[in-house]
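The values are calculated or read from the model by the stated rules, or taken from the named source; none is laboratory data. Because the structure is a prediction, the values reported are computed rather than measured. Cβ coordinates were reconstructed from backbone atoms using ideal geometry, including for glycine residues, and neighbour counts include every protein chain displayed. Keep in mind that these areas ignore ligands, DNA and RNA; they rest on the heavy atoms of the full protein, side chains included. Shrake-Rupley method; radii C 1.70, N 1.55, O 1.52, S 1.80 Å.
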Amino acid sequence: MKPILEVKNLVKRFGANQVLWGIDMQVQAGQAVCVIGPSGSGKSTFLRCINLLEMPDEGQILFHDKDILDLPPSLLHAKIGMVFQQFNLFNNLTALQNCIIGQRKVLKRSEDESTKKAMFYLEKVGMLPYRDARPSQLSGGQKQRVAIARALCMDPEILLFDEPTSALDPEMVDEVLSVIRTLKDGGLTMLIVTHEMAFARDAADRVVFMDVGRIVEDDDPKTLFTAPKNPRTQAFLARTMRG
């Protein structure tokens, strides 16, 4: 079966600093892949290259066997959606308007169709009662759930999550992870950069460990968390899973 996403020899540099060193990865449709690793290992840069928020310096990224560089940017960002650490909501718009605006501008949907889809996904993430609230009136967890609804409104085939819980207070983390679990159960293809080890262990189909811009280990969660093969993975998990 052809992968929905294939990354080949991906290299990214910022000036003289090389951040990614020849990343290779395949993702099948419906898989939830968690990417873990220490800060500065290139995880977020890797994610941002996949939908061209950062331009790769070398290598190729294929979506349905097509080079993403050949896709219209608006189509690419709709089909490969992204949820950010800091939510990136429009502060002057309500939750509902945040979920409508991309549909109208990018997908050229009617106001009525955009509103219906926005209401559907706000309800799916438990935020419909807050549809008229602006971001300043919402908690961090609520903002992130609106951001997820906004991404879903674009009908993505892949959803990228860049540390979706890192900006949240600890008590708000579970509500966002619960939404992501629901999306996984619905069969959405996801790449999730996360520091939530228990979530990666319990919810992912695959876990990828990155360090210094390379994929060190890529395995099913049970194997990677209980019997990691690489000493670097072993050291990282021993430290992060302690206690």
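Ignoring ligands, DNA and RNA, what percent of the accessible area of the chain is carbon or sulfur (1.4 Å)?
Percent of accessible area from carbon and sulfur atoms in the chain: 49.
Among V208, V83, V173, the largest mean-square fluctuation in a Gaussian network model of the chain (Cα springs under 10 Å) belongs to V173. Of all lysines in the structure, those lying under 22 Å Cα to Cα from K66, and not within fewer than 8 positions of it along the same chain, are K2, K8, K12, K79.
Every helix of 4 or more DSSP H residues in the chain counts as -39500 (n - 2.57), and over all residues that averages to -11000 deg cm²/dmol at 222 nm.
Take the alpha carbon atoms of the range 114-169, find their center, do the same for the range 188-206, and report the distance between the two centers in whole angstrom. Here the answer is 19 Å between Cα centres. Applying 0.36 nm per residue to the separation of S139 and E171 and subtracting their alpha-carbon distance, the gain on full extension is 10.4 nm. The residues of the range 1-129 have, on average, 49 Å² of accessible surface per residue, using a 1.4 Å probe with all protein chains present.
Considering only L53, L96, L122, the mean-square fluctuation computed in a Gaussian network model of the chain, springs between alpha carbons under 10 angstrom, is largest for L53.
With the simple model of a label 7 Å out from the Cα in the direction of the Cβ, S74 to N88 spans 1.8 nm. Evaluated on the range 157-220, the Kirkwood hydrodynamic radius is 12.6 Å, with distances taken between all distinct Cα atoms.
Fully extended, how many nm does the chain gain between E58 and S110 (0.36 nm per residue separation, minus their Cα-Cα distance)?
14.8 nm
Within the range 87-243, how many Lys pairs sit with Cα atoms under 26 Å apart, leaving out pairs fewer than 8 places apart on the same chain? Going through the range 87-243 pair by pair, I get 17.
Residue order by solvent-accessible surface for D169, D211, D155, D132 is D132, D169, D155, D211, largest first, with ligands and nucleic acids left out and a 1.4 Å probe. Note on the range 121-178: dipole from Cβ charges, positive end direction compared against T165, S178, Q142; the farthest Cα belongs to Q142.
Under a Cβ-Cβ cut-off of 13 Å, what is the net charge of the residues other than L168 that fall near it, where Lys and Arg count +1 and Asp and Glu count -1?
Net of charged neighbours comes to -4.
A straight chain from K8 to A29 at 0.36 nm per residue would run longer than the Cα-Cα distance by 5.8 nm. Summary value for the range 101-243: 16 percent relative contact order, contacts being C-alpha pairs under 8 angstrom separated by 6+ residues.
If we count every other residue with Cβ under 13 angstrom of Q86's Cβ, Lys/Arg +1 and Asp/Glu -1, where does the sum land? Don't skip to the end; give the middle numbers.
Values: positive: K143; negative: D162, E163.
Local net charge: -1.
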